[in-house]
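The values are calculated or read from the model by the stated rules, or taken from the named source; none is laboratory data. Note that the coordinates shown come from a computational prediction; the quantities given were computed from them, not determined experimentally. Every residue, glycine as well, gets a Cβ built from its backbone with ideal geometry; the counts of neighbours run over all protein chains shown. Remember, those area values only see protein heavy atoms, side chains included, never the ligands or the DNA or RNA. Shrake-Rupley method; radii C 1.70, N 1.55, O 1.52, S 1.80 Å.
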Amino acid sequence: MKALNDAHELEYERMPEVVAKAPGRFHLAGEHSWFYKDKTISMAMNLYVHIAVSKRDDGLAKIYFHQLNDRKKITISTNKFRKEDKWANAIKSVIYGFTSGGFSIGGVDITVYTDIMPSAGFGITTAMKAATAIALRKLFELNCSDVQLLQVLERGNRLFLKRNNFLSDNYAALFAKKGSLIITDYAKISWDYVPFNFPNRKIIITDTTVPRISVWNEDTLFDPKYALLLGELKDKKNNVYGGWSYINSIADIDEVLEVLQKEEQRKLMAIIREHSDVLDIREGVEKGDFFKLARAINHSHETVREFFDISCPEIEWIVKRINELEPNLEHLRNPVTCGRLTGKGYGRCIYAIMRDVDYENYLQKLVEFEKIFGFHPATYEVECADGASIVV
């Protein structure tokens, strides 16, 4: 806090009036299922973005990113998206979200402070938006409910940034709860929690720093005809979390999907598999069954790799080492470690859950990784964190 206050004061010659923070996050599974009204299971983590704000006596917004030593200035009344503003467009989108919704935002000085850069893909950009939103709401004493705050973020995403608005990202940043995973149900437009409690285990995020994978276009999933076909395969079940699951019959699935090309069938099979994995991850966490959780996470990684063809040798090398931390073959069915590709779009990052006793061994594997591939990975030990909050 002192470093942030000092940075804000040095930049603007005044102390911040409000400081807010929001967590980074990663999705355990289901991050590409929203189009099909499915579920995403996520973890907000204690890698925070802090936003400090203070009022100005004019109509300007000055934005300073401390770690980048970069500055932007906008006129609030003529706030527009500019490609060259890069990271600052996230902050500008929140200002737009307020003003386009009829909220009055005056001149403001803003300082962004985070040790994790947006390029890592840990939900840092969304955290910037969430922290900015609650900071401005507090600073200008806006009569803006949480539901309206979600609408602010949605207007900023859809109308200002011209991007999809992902509820799971917003819910995790705003409403996550310490000690729990958060589950977004796109069919019900709601979120839920499941307590995460596995003693003597660590959650490790690794940024491999491998150049981001760009061979897959996520938008190819979002075809209305795909949604109609998957709709035929949904089966209402009162005893299943969320009230439905996909049918189990491979013959019936093949019959419905036979109208598609093989590549299209693979994509939809990935969505079906991912739905099952989300449910299994939740059940494993809810029942404290680590084996079930780990099997589902490892299975989800296989889906990403084999059905979406998204991965690379460097990432697969690390995931294999994660699963080899316990060499006992008895654990192949009941794994004591698990890992999966994660990140923006699907990117260069991996999350892993492992026993405390395996952590040092894992770090040694990363030293070996650097010698073999030449990339210097960054590793973070994280835990489930609360959503955005006012610090001062």
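So the values come out like this:
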{"quantity": "Pairs where the first residue, in region 64-80, is in contact (Cβ under 8 Å) with a residue 40 or more places away in the chain and within 22 Å of His50 (Cα to Cα) and the second is among the hydroxyl-bearing types (Ser, Thr, Tyr) and assigned to a helix (DSSP H, G or I), C-beta under 8 Å, 6+ apart", "calculated": "Tyr64/Tyr12"}
{"quantity": "Criterion violated by Ser93 - all others in (1) touching a helix residue (DSSP H, G or I) at 6+ places or on another chain (Cβ under 6 Å); (2) polar (S, T, N, Q); (3) not in a helix (DSSP H, G or I) satisfied", "calculated": "(3)"}
{"quantity": "Region 379-392 residues that are farther than 21 Å from Val53 by Cα, paired with ones that are polar (S, T, N, Q) (beta carbon under 7 Å, 6 or more apart)", "calculated": "Thr379/Thr206; Val382/Asn46; Glu383/Asn46; Cys384/Ser180; Ala385/Asn46"}
{"quantity": "Options Gly231, Gly284, Gly242; residue that is closer than 29 Å to Gly121 by Cα, part of a helix (DSSP H, G or I) and open to solvent by less than 50 Å² (accessible area, probe 1.4 Å)", "calculated": "Gly284"}
{"quantity": "Near pairs, Cβ below 9 angstrom, 6+ apart or cross-chain, from region 147-173 (on the phi > 0 side of the Ramachandran plot) to any residue that is open to solvent by 10 Å² or more (accessible area, probe 1.4 Å)", "calculated": "Lys162/Phe81"}
{"quantity": "Answer from Lys236, Lys262 - the residue that is open to solvent by 60 Å² or more (accessible area, probe 1.4 Å) and either in contact with a Gly (Cβ under 8 Å, 6 or more places away or on another chain) or at pLDDT 95 or above (or both)", "calculated": "Lys236"}
{"quantity": "Residue in region 1-56 that is surrounded by the fewest Cβ atoms within 10 Å (Cβ to Cβ), counting only those that are in contact with a helix residue (DSSP H, G or I) (Cβ under 8 Å, 6 or more places away or on another chain) and part of a helix (DSSP H, G or I)", "calculated": "Phe35"}
{"quantity": "Matching entry among Lys162, Lys138, Lys177 (being charged (D, E, K, R) and in contact with an Asp or Glu (Cβ under 7 Å, 6 or more places away or on another chain))", "calculated": "Lys177"}
{"quantity": "Residue ID - nearest to Arg305 (Cα to Cα), chosen from residues in region 336-358 that are at pLDDT below 95 and surrounded by fewer than 21 Cβ atoms within 10 Å (Cβ to Cβ)", "calculated": "Gly345"}
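Residue by residue, here is whether (1) in a helix (DSSP H, G or I); (2) open to solvent by 20 Å² or more (accessible area, probe 1.4 Å) holds:
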site	(1), (2)
Cys144	no, no
Gln148	yes, yes
Glu154	yes, yes
Ser168	yes, no
Tyr171	yes, no
Ala187	no, yes
Asp192	no, yes
Ile204	no, no
Val210	no, no
